[in-house]
Structure formats: C-alpha cells, structure tokens
Amino acid sequence: MSRIESFKRALTEKRAVKIIAGIDNFNAESVKKVVLAASNSGASAIDICANPDIIAMARQMTELPLFVSSIDPQELAHAVALGADAVELGNFDALYKKGQSFSASQVLKLAQETKELIDNDVFFCVTIPGELEISEQIQLARELETLGVDLIQTEGHFSNETPSNGVRGLVERAELTISNTIELSRNIELPIMTATGINPTTASLAFAAGASAIGCGSCVNKLDSEISMLAVSRSLVEIAERNAQYTVELV
C-alpha cells in the first residue's frame, strides 16, 4: 500500500490524524521533532511548509505521508517533484497573524491554478477560510468538490484575545472549526479534516461533528519536550482509533 493510500484508508475509517509542523515553520530542528513525534506515535500524516530543504529532510526521516502546505500554486507543484505525497492549499490560520485574508473567490482561483499544475492523481486538500460566512463556505466546498479536490480542511479564526482558562479556553478556540465541520459535513460528500484548536481535549468533538480526520498543530509543535510531543501525538492517535472502532460498531 502506498503512503497516500494508507492515509486514504485512515480517512475512510474516520481515524486520520495529521500532525502539523506549520506552514510558516522553517526551523529544521523544530520540524524534525514534529516529524519524529508523528512517526513514532502512529499518526496518519505530517504537514510541513513548502521549503525544499525541509521537504527533503522530512522525506528522509519518515515513510509517513507528507502534506506540504502553501498558498502558492507553483510551490505546491514543486513540492510534488520534491517528494510530497499530498499538497494543501492553506493553512490560512497562520497567515491571518500577518494581516492576510482570503475570500472564497480567491481560494477557488488558487485551487484552480494548483489543479492545473499538478497531476490528477496527486492528493489535493484545500482549507476553507474559517471566517467566511457559512453559506459561502458551503458554496466554496461544493465548487471545490466539482473541481476534483480530495479533502476539505476546516479552520477556526485567529484572535489576539486572551483565551479563557482551562478546558473552557480549549473548547472556545475549537468552537468555530467544529461548527463549520458540522455544517459542511451536512452539505458535501467530500471527507473533512477539522483543524484549529484541535487537541486531546477537543479531538473527540471534531470526530463527533463529522470529521474523518483531525489536523493538530500547536498542541504538538509548541511543546518544548520531545517526550511530551510524542505523548500528545499518541493521545490524539488513540482518540482517533477509538472513533474508528465506534464507527464500525454503529454500522
């Protein structure tokens, strides 16, 4: 089974876990720790930036599927040649911090340009900007489905506000992406990956909302200890495995 086929199987079984190093994380040592944590925890995939050196390093380190994220269609096409198993238009959440924003028409145009540059068999994921009105998100998702995209990723929103303490703060950060997941899962056939604020506290909520996959970044890549990064990654994988088992029992 090829690397991307293993990820597709995890999607079908609703247990896919993608560990995100960060679209703007060009620190090789930081990315290396994320790759090790994902590989050793049994995660389904790793998401890295479009830097050629980072891609080459990650490809040498692991046999897990590599997602490469960028908002540049040319970078995504080049990433495939460098060894990426999947390309992702997004994640936009990290770019909001820089004052960038994306309309539905901009995302669709970038997706169309990317699709023209990559082969039809390249796995293609697109992030739906979380701050769009839900009606716009649904319409964009339907257009992306028609375009032939393989996976939709939801997100929440970037905020400079200080989050609430404890579990409440964790749930608040994930609230929007989970509600977007619910709405989109009711309106499209494509599998959905829920990201932004997904961690061991909120992961089960994402799966309950209709996600086939979760994308987890800061709960892993912001940790200082390699042991804690591995522990959190394993916890996410265990939650996903339980969801898959529960889904099978319901059938």
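The values are calculated or read from the model by the stated rules, or taken from the named source; none is laboratory data. All values reported here derive from a predicted model rather than from experimental measurement. Backbone-built Cβ (ideal geometry, glycine too); neighbour counts: all protein chains shown.
Could you say which residue among 132, 76, 110 is over 13 Å from the mean Cα position of the chain (by Cα), within 16 Å of residue 195 (Cβ to Cβ) and of a type outside the set (D, E, K, R)? Break it down into steps so the answer makes sense when it comes.
Values: 76 fails: within 16 Å of residue 195 (Cβ to Cβ); 110 fails: within 16 Å of residue 195 (Cβ to Cβ).
From the options 132, 76, 110, the qualifying one is 132.
Starting from residues that are under 9 Å from the mean Cα position of the chain (by Cα) and of a type in the set (A, V, I, L, M), keep the ones in the stretch 188-204 and report whichever is farthest from residue 178 (Cα to Cα).
193
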Some residue of the stretch 76-94 being under 17 Å from residue 153 (Cβ atoms), assigned to a helix (DSSP H, G or I) and not small (Gly, Ala, Ser): yes
Search result, residues across the stretch 12-25 that are crowded, with 22+ Cβ neighbours inside 10 Å and modelled with pLDDT of 95 or more: 15, 16, 17, 18, 19, 20, 21
The stretch 26-49 residues that are in contact (Cβ under 8 Å) with a residue 24 or more places away in the chain and surrounded by 20 or more Cβ atoms within 10 Å (Cβ to Cβ), paired with ones that are basic (Lys, Arg) and not in a loop (DSSP other than H, G, I, E, B) (beta carbon under 6 Å, 6 or more apart): 41/234; 45/18; 47/18
So residue 135, is it modelled with pLDDT of 95 or more and over 18 Å from residue 90 (Cβ atoms): yes
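Checking the structure you have, find out if any residue of the stretch 186-201 is more than 22 Å from residue 12 (Cβ to Cβ), part of a helix (DSSP H, G or I) and in contact with a Cys (Cβ under 7 Å, 6 or more places away or on another chain).
Checking the stretch 186-201: not a single residue is more than 22 Å from residue 12 (Cβ to Cβ), part of a helix (DSSP H, G or I) and in contact with a Cys (Cβ under 7 Å, 6 or more places away or on another chain).
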Any hit, the stretch 61-73, residues being outside any loop (DSSP other than H, G, I, E, B) and over 24 Å from residue 128 (Cα atoms): yes
Hits in the stretch 179-200 (condition: β-branched (Val, Ile, Thr) and modelled with pLDDT under 95): 196
